[in-house]
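**Student:** The structure follows.
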Amino acid sequence: MLKRTLVANRGEIACRILRACKEARIEGVAIYAENDTGTLFTEIADLAIPLNGEGLSETYLNQEQIIGIAIDNGCDSIHPGFGFLSERADFAQAVIDAGLIWIGPSPEAISTMGDKMTARITMKDAGVPVIPGEEVDGGIDDVLKLAPQVGYPLLLKATSGGGGKGMRAVHRQEDLEHEAKAAMREAMNAFGDDRIYIERLLTGSRHIEIQILADKFGRTIHLGERECSVQRRHQKVFEESPSVAVDSELREAMGVAACDAARAVDYVGAGTVEFLVTPTGEFYFLEMNTRIQVEHPVTEMVTGVDLVREQLRIAAGEPMSCGALSMRGHAIEVRLYAEDPTNNFLPAIGPLSRFIPPTGPGVRLDTGVREGDNVTPDYDPMLAKLIVWAPSRTEALQRMCRALDEFVILGCVTNLRFLRDLCEHPDVVDGWTTTDMIEKLWPDGWSDSVSQDILDAGLLVSFACESTNYGKKQMSASSVDEHVSIFELINGRYP
Amino acid sequence: MKFLTSDGIKEIEASRESSIFKFNEKSVDIQQDIWLEMNGKRHKVVATKVGDCWWLHVQGYILRYEVVEEGVSNSHDNSGLTAPMPGKILDVNFSAGDAVKKGDVLLVMEAMKMEHKIIAVTDGIVESVNYNVGDQVTQGAELLVIVQN
C-alpha cells in the first residue's frame, strides 16, 4: 500500500493522478514551477511544493530536485504522468536507487521501448509485425542513402520521439534533405537526441492502439483498442473505443500481439501498444508507450477499469483488480487545444475569461484549467479532454456535439468549433477515419461556417454589450462601496 | 457603431428600449444575463470583453467582434509577416532585395516547441529582414517587410 505519492507532472494529468490518489487514500504531493503558482493541480494536492529554477530543464525535468523533494517530504513513490520524465529510463532508475517506488515499468522496459530502433528489433524478434523501413545508424548522409530503399512516401521519425515532434512525411526525393534536417533539429530540441529513422508511410491507414495492464504476479491482459486515427500535425485530436474497423477477431489478434510485445520486455503497469492498421486489415507495430496515455479515459469509459488506480495498485505490489473484461457501449474523447484551427492550428494564448464546461449524463471533462486562468506559451497548449460515453457510437457522437455546443470558452482561441465540425463530418459519422483525413478534408485549411443569422445576432449582441458596458456595471453594482440596497438590485435584475 | 469581424468591418445601429435592443427582426434583452430572441426562439448568450474585443457564445458558436473606434484606423496587419507567438528564429530564407513569390517560405520560427513557417501572402520584393537566425522575438514583432511590385 502506498502512503504518499509525488506527482512529477502538471496540469490536467497531475489533476487526474492526484484525484486517483485521493480516492485510494494516498496522500498526493504536487510539485510546481513558479509560473504554475495557484493553478488547479496545486490546489487538488494534499501538499504542493514549489520547484526552484526557470524553464523546463530546471523544473519539471530536474530529476535531482524532484527526487530530493520526494525524500524531504516523506513520499514513498513517484508517478510521472505522461510527457516530461515519464519515459526516461534514467529517471526511473534514479527513483528506484533513491529507495522510492517508481509507478511505471522497469527502466529496462522503458529504454528498450523508448529507443524506437531497439524496439523495432525487439518486436521483430518477438514475432510482432513491424512496418517496413530502415533503422538509420548515422547522420544525414545515412538518411539520404537509405531513404530511396524504403521508397516514397516515407516518414522520418525521431528515434527517441513521441507526440509528433521530430516527425516528417516526405513525398518526394527533392524534399528529403530539407525535411530530414528539420526533423533532426526538432528532435534535438525536444528530446536532446537528433537520431531519426525511416519508415514507409502507409497512407489511408488507421492508428489503432491496444491498452494493456500487467502486474507483478505474471498477469498481462489487454483492455481492447482505441482508435486514434484523426490527427493534425501527427497529434491526435479525436479518439474512440471501440474502433469501427476492429471486429472481435482482429481485436483478439491485436490483443495477443500487444500482450506478446509487453511480455517481451517483462512489462509491469499500464502501457499502450500502438499499431498501424492498413485498409486490408493488416496491422504493424508502431511503438509502445510505457506510461499512462492522454487518451486513456475512453478505455476507462468502455471497460469500467480505473487505469490510474490500477497503476497505483500494481506499483504497490498488489495484483490488478480487474477480472474478465467486456467492452460496453461507446466512448469518444476530443482534445481541446488553445490553437487556431483557421490558421494551420497555430498555438494560441490568452485569458480564459469565461470557461463553462458542459455537464450532464455520460460527460467527463479532464482538465487542469478553470475560468480566470491564463493560457501562456510556457507549456503544451492542450486545455482539456472532453470525453463522452453512450450506449452506441451514433449516440456518443450526438452527445459529443451537444457537449461541445454547451462548452463556453471565451478569451482564448481554441479548436472547439473545429472539433464540433469534425464530429458531424460524414467521414467521421460513417467511421472512415484515417491518419491523413484532416489534410485531405481541409487541404486549404478549415474555417467555421456560421450562418448570416448568427453573425447578425452576434453583431446585435456586441452592440448591446458595448452600449451598456456589459460586465463592468455588474462589478460596480455588487461592490460594497456603493451601498445599494439588495432589494433594489434584485428588482433591477429580475423585473 | 463599427465592429471588425471575421467577415470585415460591419456597421450597426440598433434601436433601444430600456434593456432591449432590436435589429433586423432580432432582439436582445441585456441585463445580468443576455437573452437573444430570433426566429421565434430564445437563446442564452454568454459575452465577455477582452481588450477591445467582445467574445460571444451564441448557440454553440464562438464569435469575436472588435470595437472599431471612429476616426482611428485599426492597423490590422494581414500580411502575416509578424511573429504569431513569442519564439525563436530558426531559418531566414531571403535577404533584402530578393524577389519572393506568394507561397514562399520566408522564415521558419519555433514557438511552443513546434516549427512554424512564415509564408509570403503576395509576390514582392524583400525590403528588410528584421531578425537573424537565433534571435528571440516577441509576439507581433514585424519579422520582415515586403513591398509589392
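**Student:** Among A:V428, A:V388, A:V363, A:V369, which is under 17 Å from A:W446 (Cα atoms) and touching a helix residue (DSSP H, G or I) at 6+ places or on another chain (Cβ under 8 Å)?
**Tutor:** Matching residue, one of A:V428, A:V388, A:V363, A:V369: A:V428.
**Student:** Mind checking which residues of region A:173-190 are crowded, with 20+ Cβ neighbours inside 10 Å and either hydrophobic (A, V, I, L, M, F, W, C) or away from chain B (no Cβ under 13 Å) (or both)?
**Tutor:** A:L176, A:A180, A:A183, A:M184, A:A187
**Student:** Same structure again: How many of the residues in region A:146-169 are part of a strand (DSSP E or B) and in contact (Cβ under 8 Å) with a residue 24 or more places away in the chain?
**Tutor:** 8
**Student:** If only one of B:I62, B:I34, B:I9 is of a type outside the set (S, T, N, Q) and more than 25 Å from A:F418 (Cα to Cα), which one is it?
**Tutor:** B:I34
**Student:** Working only within region B:61-89, note down all residues that are surrounded by 18 or more Cβ atoms within 10 Å (Cβ to Cβ), within 24 Å of B:V133 (Cβ to Cβ) and modelled with pLDDT of 85 or more.
**Tutor:** Answer for region B:61-89, where residues must be surrounded by 18 or more Cβ atoms within 10 Å (Cβ to Cβ), within 24 Å of B:V133 (Cβ to Cβ) and modelled with pLDDT of 85 or more: just B:I89.
**Student:** Kindly provide the set of residues from region A:50-88 that are surrounded by fewer than 19 Cβ atoms within 10 Å (Cβ to Cβ), assigned to a strand (DSSP E or B) and in contact (Cβ under 8 Å) with a residue 24 or more places away in the chain, ordered by number.
**Tutor:** Matches in region A:50-88: none.
**Student:** Related question: Taking the options A:V302, A:V273, A:V308, A:V298, name whichever one is closer than 27 Å to A:W442 by Cβ and surrounded by 21 or more Cβ atoms within 10 Å (Cβ to Cβ).
**Tutor:** When all the criteria are applied, what remains is A:V298.
**Student:** Quick test for you: out of B:I30, B:I34, B:I62, pick the one residue that is free of Cβ contacts under 8 Å to residues at least 12 places away in the same chain and out of contact with any Leu (no Cβ under 8 Å at 6 or more places or on another chain).
**Tutor:** Result of the check over B:I30, B:I34, B:I62: B:I30.
**Student:** If you don't mind, another one. Counting only residues that are surrounded by fewer than 21 Cβ atoms within 10 Å (Cβ to Cβ) and either at positive phi or touching a Leu at 6+ places or on another chain (Cβ under 6 Å) (or both), how many does region A:372-401 have?
**Tutor:** 2
**Student:** Moving on. Does A:I67 count as aliphatic (A, V, I, L, M) and touching a helix residue (DSSP H, G or I) at 6+ places or on another chain (Cβ under 8 Å)?
**Tutor:** It is true that A:I67 is aliphatic (A, V, I, L, M) and touching a helix residue (DSSP H, G or I) at 6+ places or on another chain (Cβ under 8 Å).
**Student:** Give just the number: which of (1) farther than 19 Å from A:A316 by Cβ; (2) touching a residue at least 24 places away in the same chain (Cβ under 8 Å) does A:K3 not satisfy?
**Tutor:** For A:K3, the exception is condition (1).
**Student:** Output the number of the condition that A:A119 fails; it satisfies all remaining conditions of (1) surrounded by fewer than 22 Cβ atoms within 10 Å (Cβ to Cβ); (2) in contact with a strand residue (DSSP E or B) (Cβ under 7 Å, 6 or more places away or on another chain).
**Tutor:** (1)
**Student:** Looking only at region A:417-440, count how many residues are of a type in the set (K, R) and part of a loop (DSSP other than H, G, I, E, B).
**Tutor:** Of the residues in region A:417-440, 0 are of a type in the set (K, R) and part of a loop (DSSP other than H, G, I, E, B).
**Student:** Let me ask you something else. If you scan region A:313-367, which residues turn out to be of a type in the set (S, T, Y) and over 20 Å from the mean Cα position of the chain (by Cα)?
**Tutor:** A:S321, A:S326, A:T342, A:S353, A:T359, listed by residue number.
**Student:** Being surrounded by fewer than 19 Cβ atoms within 10 Å (Cβ to Cβ), of a type outside the set (A, V, I, L, M, F, W, C) and outside any helix (DSSP H, G or I) is the filter here; which residues of region A:89-114 pass it?
**Tutor:** A:G99
**Student:** Turning to a different aspect of this structure: Select from region B:1-15 the residues that are assigned to a strand (DSSP E or B) and either within 7 Å of chain A (Cβ to nearest Cβ) or touching a residue at least 24 places away in the same chain (Cβ under 8 Å) (or both) and list them in ascending order.
**Tutor:** B:K2, B:F3, B:L4, B:T5, B:I9, B:K10
**Student:** Given the options A:V150, A:V143, A:V136, A:V170, name the one that is surrounded by 17 or more Cβ atoms within 10 Å (Cβ to Cβ), out of contact with any helix residue (DSSP H, G or I) (no Cβ under 9 Å at 6 or more places or on another chain), among the β-branched types (V, I, T) and not assigned by TED's automatic domain parsing to the domain that holds A:A257.
**Tutor:** Only one candidate qualifies: A:V150.
**Student:** Among the residues in region B:28-36, are any within 25 Å of the chain's Cα centre (by Cα), buried (at least 17 other Cβ atoms within 10 Å of the Cβ) and outside any strand (DSSP E or B)?
**Tutor:** no
**Student:** May I pose another question? Filter region B:98-129 down to the residues that are within 14 Å of B:L143 (Cα to Cα), surrounded by 18 or more Cβ atoms within 10 Å (Cβ to Cβ) and more than 12 Å from chain A (Cβ to nearest Cβ) and list them by number.
**Tutor:** B:L106, B:L107, B:A120, B:V126, B:V129
**Student:** Do you know which of the residues in region A:340-362 that are part of a strand (DSSP E or B) and of a type outside the set (V, I, T) is farthest from the other protein chains (Cβ to nearest Cβ)?
**Tutor:** Filtering first and then ranking leaves A:F355.
**Student:** Now, a different point. For region A:34-48, does any single residue satisfy the condition of being in a helix (DSSP H, G or I) and over 23 Å from A:P381 (Cβ atoms)?
**Tutor:** No; the residues of region A:34-48 include none that is in a helix (DSSP H, G or I) and over 23 Å from A:P381 (Cβ atoms).
**Student:** I'd like to know if region A:451-460 contains one or more residues that are at the interface with chain B (Cβ under 7 Å from one of its Cβ atoms), of a type in the set (A, V, I, L, M) and either under 11 Å from A:P341 (Cβ atoms) or in contact with an Asp or Glu (Cβ under 7 Å, 6 or more places away or on another chain) (or both).
**Tutor:** yes
**Student:** So, one more: Go through region A:203-239 and count every residue that is surrounded by fewer than 20 Cβ atoms within 10 Å (Cβ to Cβ) and either at positive phi or modelled with pLDDT under 95 (or both).
**Tutor:** Within region A:203-239, residues that are surrounded by fewer than 20 Cβ atoms within 10 Å (Cβ to Cβ) and either at positive phi or modelled with pLDDT under 95 (or both) number 6.
**Student:** Can you pull out the residues in region A:176-223 that are part of a strand (DSSP E or B) and farther than 26 Å from A:R88 by Cβ?
**Tutor:** A:R200, A:R206, A:I208, A:I221
**Student:** Still on this structure, I have one more. If we keep just the residues of region B:15-28 that are within 13 Å of A:A457 (Cβ to Cβ) and touching a Ser or Thr at 6+ places or on another chain (Cβ under 8 Å), which is modelled with the lowest pLDDT?
**Tutor:** B:F23
**Student:** Within the group A:D90, A:D115, which residue is touching a Pro at 6+ places or on another chain (Cβ under 9 Å) and among the acidic types (D, E)?
**Tutor:** A:D90
**Student:** Now for a different question. Within region A:395-416, how many residues turn out to be more than 14 Å from chain B (Cβ to nearest Cβ) and either free of Cβ contacts under 8 Å to residues at least 12 places away in the same chain or assigned to a loop (DSSP other than H, G, I, E, B) (or both)?
**Tutor:** Within region A:395-416, residues that are more than 14 Å from chain B (Cβ to nearest Cβ) and either free of Cβ contacts under 8 Å to residues at least 12 places away in the same chain or assigned to a loop (DSSP other than H, G, I, E, B) (or both) number 0.
**Student:** Give A:S353, A:S392 a once-over and let me know the one that is polar (S, T, N, Q), at pLDDT 95 or above and closer than 25 Å to B:W54 by Cα.
**Tutor:** Every option except A:S353 fails the conditions.
**Student:** I need the full set of residues from region B:47-57 which are over 10 Å from A:S462 (Cβ atoms) and buried (at least 18 other Cβ atoms within 10 Å of the Cβ), in order please.
**Tutor:** Residues satisfying the conditions are B:T48, B:H57.
The values are calculated or read from the model by the stated rules, or taken from the named source; none is laboratory data. These figures come from a predicted structure and were not determined experimentally. Neighbour counts are summed over all protein chains in view; Cβ atoms, including those assigned to glycine, are modelled from backbone coordinates with ideal geometry.
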